[in-house]
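Everything on this sheet refers to the single structure shown next.
The values are calculated or read from the model by the stated rules, or taken from the named source; none is laboratory data. These numbers come from a predicted model, not from an experiment. Here the Cβ positions follow ideal geometry from the backbone for every residue, glycine too, while neighbour counts run over all protein chains shown. Only protein heavy atoms, including side chains, enter the accessible area calculation; ligands, DNA and RNA are left aside. Shrake-Rupley method; radii C 1.70, N 1.55, O 1.52, S 1.80 Å.
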Amino acid sequence: MKALAKKLAALALSAALLTAPAGAVTADGQSETWFDGVWALINSFGLKAEDNPYILQNYINKYLTEHPEELYDVLNDILSLMDTHSMYLSAEEYSQGFSSVEGFVGIGVGMEQTANGVRIAEVMRYSAAEEAGLQIGDIIVEVDGVSVLDTPLADVAEKLRGQEGTTVSITVQRQGRGVTVTCTRRKINETYVSNKTLAEGIEYIKVTAMGSENDWKAFEEIWNGLPDKGAKAVVLDLRGNGGGVIDVAIQMANAMVPNADVYLAGVHWREDMGGLTRHYSTGSQIRMDKIVVLVDGGTASAAELLAGSLKETSSATLVGTKTYGKGQGQFHLELVNGDKLVITTLDLELPKSGTYEGKGIQPDVTVENEQVTVNAAALKPLDTKTPLYFGDSSEGVYAMTERLHLLGLLGGAQQAFDGDVLDAVAAFRQTYEMAPAQYASPEMLDALDGAMRSLDGQTYVLDSQLQLALEMCRLAIK
C-alpha cells in the first residue's frame with residue numbers, strides 16, 4: 001500500500017525497539033524501553049498525533065510521573081485521550097474482542113437474548129450449524145439434552161464452545177416445532193455472509209461482519225448468482241454489523257451501484273500517509289429494481305460506510321433506526337509479546353455528508369420492530385379441515401393470516417389470499433418440511449394452529465423492519 005510505504009522507516013525502528021530487552025542502549029547511548037517502542041508505533045500511525053508530535057510525550061510525562069510501573073494502564077489512558085477507538089490489548093483480550101478477525105472454534109452461530117430465551121440471530125456460511133440446518137429465528141431450548149430456556153446467553157455460548165472435533169446436540173424451537181440436530185465443533189475462519197429467497201424475485205442477504213476478504217468472496221458469489229435465481233430486488237441486512245475490513249465494504253458498494261464513475265466513499269489518512277483517498281464505482285453489471293438496506297444502532301464502522309454509500313448514491317433505501325456512528329478506522333498491530341495495539345489511523349467519509357464519526361446515519365424510513373404477545377384464545381377460530389386457496393377472501397383467510405403475522409411471516413392479518421399470503425404460506429410449509437403447494441392444506445393449517453398453541457403466552461419481537469422492506473421490494477417489482 002502506497003501510504004504504508006512512507007512509514008516503513010518508522011515501523012522498522014519500532015520493530016527494533018520492541019524486540020530489544022527493556023533498558024537496551026542505542027547507538028547514541030540513550031536507553032530505550034518497551035514503552036518507547038509502543039510510543040513509536042502510536043506516533044507513526046496515530047491520526048491525532050500527526051499535527052502535534054509532542055502530544056504523546058506530554059501524556060507520557062504526566063502518567064509516568066504518577067504511575068511509573070503501570071505501563072498497561074498508562075498506554076490505555078493515553079490512547080483514550082486521543083480517541084475512543086484506540087486501545088492496547090493483551091493477546092487474550094484481543095481474541096475475545098475481535099473474534100471476527102481471528103476466527104474461533106465452534107458451531108458457527110450468532111445469538112441474541114430474548115424474552116423467550118436465546119435466539120439464533122445468524123447462521124454462518126460454511127459452518128457446522130449451516131450444515132445441520134439451524135436457522136435464523138430458532139430458539140435454543142436444550143444443549144446436550146439439558147434445558148437452557150432460563151440460561152443467560154453467555155452461559156449458552158459457553159455450552160456450545162468446546163474442543164475442535166467434539167460434538168454437541170442442540171434442540172431448537174422453530175415456529176412452535178421442536179427440532180434436534182448434532183453439530184461437530186470446528187475452527188471457523190468465519191464468513192459472515194448468508195442469503196435466502198424471501199419471495200419470488202426477492203433475495204435476502206445478511207452481512208453480520210466484514211471480517212476478511214472471504215466475506216467479499218461470499219457476497220460476490222451470491223450477487224453474481226442473482227440473475228440465475230430470477231432476483232429483481234434485494235434486502236441487504238446490516239443490522240448488528242459492527243464493521244470490519246473497509247476494502248470489503250467498498251467492494252460490496254461497488255458491486256451494488258449501477259452507474260460507473262460514481263463517488264462511493266473517501267478514506268482520509270494522515271497527510272504523510274497519502275491524505276484523502278477517493279473510491280469510485282466501476283458500474284454494476286447486475287441491476288436490481290429495488291435495494292433496501294436494514295440498519296440499526298448496532299450497524300457501525302465499515303457497515304455504516306456501505307449503508308451510507310448506497311444511500312447517498314441513491315442506490316438503495318435505508319430502513320430501520322439510526323446507526324452507531326463509528327466513522328474512524330484502525331490498524332491492528334501485533335507486538336512481539338503477542339499483545340495488540342489498535343490505533344486509529346483514518347477517518348471514513350461519505351460522498352455527500354462527509355464523516356459520520358459520533359453522529360451515525362439516519363435511515364430514509366425510521367421503523368422500530370414490534371413486540372407482541374401470543375394470546376391463542378383471542379385469535380379468530382381457524383377451521384383446519386377446509387383448505388384455503390389463492391384468490392379466496394374469507395374469515396378463514398383472516399384467521400390464518402393472524403397466525404402467520406404472529407410468526408413474523410406476514411405484515412398483518414387480512415381477508416384476501418393474495419401473493420403476499422402465498423409467500424407466507426410457502427415459508428411456513430418450508431419450515432415444517434411440507435411439500436411445496438400453492439394453497440393452504442388442512443395439514444398445514446393444523447400445524448399452524450398447533451404452533452400458536454405452543455407459543456401461547458410468549459412475548460417476542462416481530463421483525464417489522466424486514467416486513468416493510470419486503471413490501472417495498474414487492475411494490476418495486478410490480
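Which order do the peptides 378-384, 459-465 come out in when sorted by mean C-beta neighbours inside 10 angstrom, highest first?
Numbers: 378-384: 14.7, 459-465: 18.3.
Highest mean packing first, the order is 459-465, 378-384.
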Q. Ordered by residue, what ³J(HN,Hα) values in Hz, to whole numbers, does region 351-368 give under the Karplus form 6.51 cos²θ - 1.76 cosθ + 1.60, where θ = phi - 60° and Gly and Pro are x?
A. x, 10, 8, x, 6, 10, 4, x, 10, x, 10, 7, x, 5, 10, 8, 9, 8
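Tell me the GluC sites (Glu not before Pro) within region 193-277 that lie in a loop according to DSSP and have at most 10 other beta-carbon atoms within 10 Å.
Details: sites: E200, E203, E213, E220, E221, E271; in loops: E200.
Here no loop site has a sparse enough neighbourhood.
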Q: With the full set of protein chains in place, find how many percent of the accessible area of region 123-224 is carbon and sulfur; take the probe as 1.4 Å.
A: 44
Q: Go ahead and run the numbers for FRET between E164 and E220, Cβ-Cβ distance against an R0 of 25 Å, rounding to 0.05.
A: 0.30
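Stretch E271-E200 to full length: gain in nm at 0.36 nm per residue minus the Cα-Cα span?
On the way: separation 71, 0.36 × 71 = 25.56 nm, distance 4.97 nm.
Value of the extension gain: 20.6 nm.
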Q) Residue by residue through region 132-139, which ³J(HN,Hα) values in whole Hz follow from phi under the Karplus form 6.51 cos²θ - 1.76 cosθ + 1.60 (θ = phi - 60°), with glycine and proline marked x? A) 7, x, 5, 10, 4, x, 5, 9
Q: Search the structure for amide H atoms under 5 Å from the amide H of G110, placed 1.01 Å from N in the peptide plane, and list their residues when 5 or more places away or on another chain.
A: A121, E122, V123, M124
Q: Counting other Cβ atoms within 10 Å, keep those with at most 15, restrict to DSSP loop, and tell me which trypsin sites (Lys or Arg not before Pro) in region 331-406 are left.
A: K352, K359, K385
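Using the Cα gyration tensor of region 211-299, with a ≥ b ≥ c the square roots of its eigenvalues, what is the shape: rounded (a/c below 1.5), prolate (a/b larger than b/c) or oblate (neither)?
Numbers: a/c = 2.00, a/b = 1.48, b/c = 1.35.
Note, shape of region 211-299 comes out prolate.
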(Q) Within region 341-385, name every residue whose backbone N is under 20 Å away from a label modeled 7 Å from Cα of Q96 along the Cβ vector. (A) 341-343
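Students often check this: by mean Cβ neighbours within 10 Å, which of 429-436, 81-88, 308-315 ranks highest, and how do the rest follow? Show your work: numbers first, answer last.
Values: 429-436: 13.5, 81-88: 18.2, 308-315: 21.9.
The packing order, highest mean first, is 308-315, 81-88, 429-436.
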Q.
Give the aspartates and glutamates whose C-alpha is closer than 15 Å to that of K340, dropping any in the same chain fewer than 8 places away, or say none.
A. D73, E92, E93, E102
Q: Give a residue-ordered list of calculated ³J(HN,Hα) values for region 286-300 (Karplus: 6.51 cos²θ - 1.76 cosθ + 1.60, θ = phi - 60°; whole Hz; x for Gly, Pro).
A: 10, 10, 9, 5, 7, 10, 10, 10, 8, 9, 8, x, x, 7, 9
**Q.** Entries in K206/K326; K311/K359; K322/K478 that, when Cα-Cα distance is taken, lie over 22 Å
**A.** K322/K478
Q. When ligands, DNA and RNA are left out and all protein chains stay put, how many square angstrom of accessible area per residue does the chain have with a 1.4 Å probe?
A. 45
Q) Which shape class, rounded, prolate or oblate, goes with region 371-428 when its Cα gyration tensor gives a ≥ b ≥ c as root eigenvalues, a/c under 1.5 marks rounded, and past that a/b bigger than b/c marks prolate? A) oblate
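On a 1.4 Å probe surface of the protein chains, which of F390, F331, F45 comes out largest in accessible area, and what is the full order? Kindly include the intermediate steps, with their values, before the conclusion.
Values: F390 120, F331 35, F45 5 Å².
Descending accessible area places them as F390, F331, F45.
Please work out the FRET efficiency for the pair A378 and E213, using the Cβ-Cβ distance as r and a Förster radius of 45 Å; give the result to the nearest 0.05. List each step's numbers first, then the result.
Values: r = 51 Å, r/R0 = 1.14.
The computed FRET efficiency comes out at 0.30.
First check a/c for the chain, with a ≥ b ≥ c the square roots of the eigenvalues of its C-alpha gyration tensor; if it is under 1.5, answer rounded, and if not, answer prolate when a/b is larger than b/c or oblate otherwise. It would help to have the intermediate numbers written out before the result.
Details: a/c = 2.69, a/b = 1.83, b/c = 1.47.
Prolate, because a/c is 1.5 or more and a/b exceeds b/c.
Can you order the peptides 467-476, 136-145 by their average number of other Cβ atoms within 10 Å per residue, highest first?
The peptides rank, most packed first, as 467-476, 136-145.
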